[in-house]
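Notes for the one structure printed next.
The values are calculated or read from the model by the stated rules, or taken from the named source; none is laboratory data. As the structure is a prediction and not an experimental result, all values here were calculated from the model. Quick reminder, even Gly has a Cβ in these numbers, built from the backbone with ideal geometry, and neighbours come from all protein chains shown. Heavy atoms of the whole protein, side chains included, go into the accessibility calculation; ligands, DNA and RNA do not. Shrake-Rupley method; radii C 1.70, N 1.55, O 1.52, S 1.80 Å.
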Amino acid sequence: MERYVQTKKRYEALGIDVDAVVKRLASVPISIHCWQGDDIQGFESSEESLSGGIQVTGNYPGRAGNPEELMADFRKAISYIPGKKRLSLHAIYSLLNGENVERDKLKPEHFEGWVSFAKDAGIGLDFNPTFFSHPKVKDGLTLSSPDEEIRQFWIRHGIASREVAASFAKALGEPVVNNLWIPDGFKDVPADRLGPRLRLKDSLDQIYAKRLDGVIDCVESKVFGIGVESYTVGSNEFYLAYAAKHPWVYNLLDNGHYHPTEMVSDKISSLLTYFDKLPLHVTRPVRWDSDHVVALDDELKEICKEIFRHDALDKVLIGLDFFDASINRVAAWVIGTRNVQKALLYAALQPHEMLRNLQDQGDFTKLFVLQEELKSMPFGDIWDYYCETQNVPAGAEWYDAIMEYERDVLLKR
Ligand code: RNT
Ligand code: ZN
């Protein structure tokens, strides 16, 4: 507390209202993806393994193998994470009780257990149709397939998923993000790049034919995936243009889906110029779309600074997307999500107006000096205080509790 009071004074000298920052931070929702908990396996009965250019590596013991385990692990993780939480589900996490329901036949009732879970845990829900790990992905294609039967199946899945998202919004009384990502692409140089894109556009038009109450629809582009190195149907230009032309579909930015020197932090302001919502997938690319657990690195801080600078906390919808099976999965959730919270706090504690004025006055020397000095301000003292007010451990004490959970629960699976 003493450190907090002292450090607070230093930030106040820069014109920052620290108490207001801490309060504001506690209200920013972070949508935590369910799929870190089980290596994107889901609960469908089929034996399909993970496909679609994404891969989870590692075989750390204790993976959640059923809904009860995934829910218990998620609850454990969020008990160490400050702030407001949401849970992002994929369609493969349907609760079917052994019944075999095809993805194009999914209904809100297949996710009712998740709604009860969310209500009980006091969190929100988001949703994602699942267009991968399925025998109907034909020649690597779904919504862009030249096979009409295949394409229609996936269109029906896209429509069914929006209905599930709408049911969440209705049950929880708040908007729900429904994000569409497809794996469609080719390993080698295609003979026709336009055909698949025209078919994808037509599929999306059918999926998004009517506006659904409470659903925030978005589409996620990608530069390439494993096995689909040469061509991705849903590229950045494709979806950005689609979203720009469509009245209610937004463009989601995943910071692992661009060329390695292309930064999502630099894209945020461009999209905010045109869109009133900007959904994100926060991840950590390592050389390529590798989905490492989010670390507190410069790009994460820069992304968060952009959100605060433009006062865009209500516009930017922060979601996470990483999957690492080489470390304790519950710990992975805690580390990644706490890092986003830390980066948000770090970003909120910057004198944005002062810095902007320096830029506008052309005083780039002072701007540089200040930007560098700010990096070593003791924001950790404010973090500790924030965690205290949120009843979660400020430091790595949570690790011991998770090791205990690993011993008592995870290793017994
Ligand atoms: C894949 C996309 C997508 C998935 C999840 C599981 O490259 O990033 O968001 O990671 O839907
Ligand atoms: Zn993603």
Here's a check for you: in region 11-45, which residue that is outside any loop (DSSP other than H, G, I, E, B) and hydroxyl-bearing (Ser, Thr, Tyr) is nearest to ligand 1 (Cβ to nearest atom)? SER31
Taking interchain pairs and intrachain pairs at least six residues apart, which have beta carbon atoms under 9 angstrom, with the first residue in region 275-295 and at positive phi and the second of a type in the set (A, V, I, L, M, F, W, C) and open to solvent by less than 10 Å² (accessible area, probe 1.4 Å)? ASP291/PHE322
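Given HIS110, HIS90, which one is touching a strand residue (DSSP E or B) at 6+ places or on another chain (Cβ under 7 Å) and buried (at least 16 other Cβ atoms within 10 Å of the Cβ)?
Testing whether each residue is touching a strand residue (DSSP E or B) at 6+ places or on another chain (Cβ under 7 Å) and buried (at least 16 other Cβ atoms within 10 Å of the Cβ) leaves just HIS90.
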Do any residues in region 100-123 that are assigned to a helix (DSSP H, G or I) have Cβ atoms under 7 Å from those of residues that are of a type in the set (Gly, Ala, Ser) and open to solvent by 20 Å² or more (accessible area, probe 1.4 Å), where the two are at least six apart or on different chains, and which pairs are they? PRO108/SER167; VAL115/ALA171
Could you pull out every one of the helices (runs of 4 or more DSSP H) wholly within region 332-410 that has 1 or more residues that are open to solvent by less than 70 Å² (accessible area, probe 1.4 Å), of a type in the set (Phe, Trp, Tyr) and farther than 30 Å from TYR60 by Cα? 379-389
In region 259-276, which residue that is surrounded by 15 or more Cβ atoms within 10 Å (Cβ to Cβ) and not in a helix (DSSP H, G or I) is nearest to ligand 2 (Cβ to nearest atom)? LYS267
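Every residue, every condition in (1) among the acidic types (Asp, Glu); (2) at pLDDT below 95; (3) crowded, with 19+ Cβ neighbours inside 10 Å, yes or no:
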residue	(1), (2), (3)
LEU14	no, no, no
PRO29	no, no, no
HIS33	no, no, yes
ASP38	yes, no, yes
PHE43	no, no, no
GLU47	yes, yes, no
GLY53	no, yes, yes
PRO61	no, no, no
GLU68	yes, no, no
Determine the pairs where a residue that is in a loop (DSSP other than H, G, I, E, B), located within region 46-69, has a partner that is within 16 Å of ligand 2 (Cβ to nearest atom) and open to solvent by 60 Å² or more (accessible area, probe 1.4 Å) with Cβ atoms under 6 Å apart, the partner being 6 or more residues away or on another chain. GLY53/ILE226; GLN55/ILE226
Out of PRO285, PRO279, sole residue that is open to solvent by 40 Å² or more (accessible area, probe 1.4 Å) and within 15 Å of ligand 2 (Cβ to nearest atom): PRO285
So which residues in region 196-228 are away from ligand 2 (no atom under 16 Å from the Cβ) and touching a Ser or Thr at 6+ places or on another chain (Cβ under 8 Å)? PRO196, ARG197, ARG199, LEU200, SER203
Can you name the residue in region 240-258 that is within 16 Å of ligand 2 (Cβ to nearest atom) and over 19 Å from ASP126 (Cβ atoms) and is also most open to solvent (accessible area, probe 1.4 Å) among such residues? LEU240
Take the residues in region 168-196 that are surrounded by fewer than 19 Cβ atoms within 10 Å (Cβ to Cβ) and within 27 Å of the chain's Cα centre (by Cα), then tell me which one is nearest to LYS277 (Cα to Cα). PRO175
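So if I check each of ALA343, ALA348, ALA325, ALA332, which one is touching a Lys or Arg at 6+ places or on another chain (Cβ under 6 Å), at pLDDT 95 or above and of a type in the set (Gly, Ala, Ser)?
Answer to the selection: ALA343.
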Scan region 96-107 and give yes if some residue there is more than 22 Å from the chain's Cα centre (by Cα) and on the phi > 0 side of the Ramachandran plot, otherwise no. yes
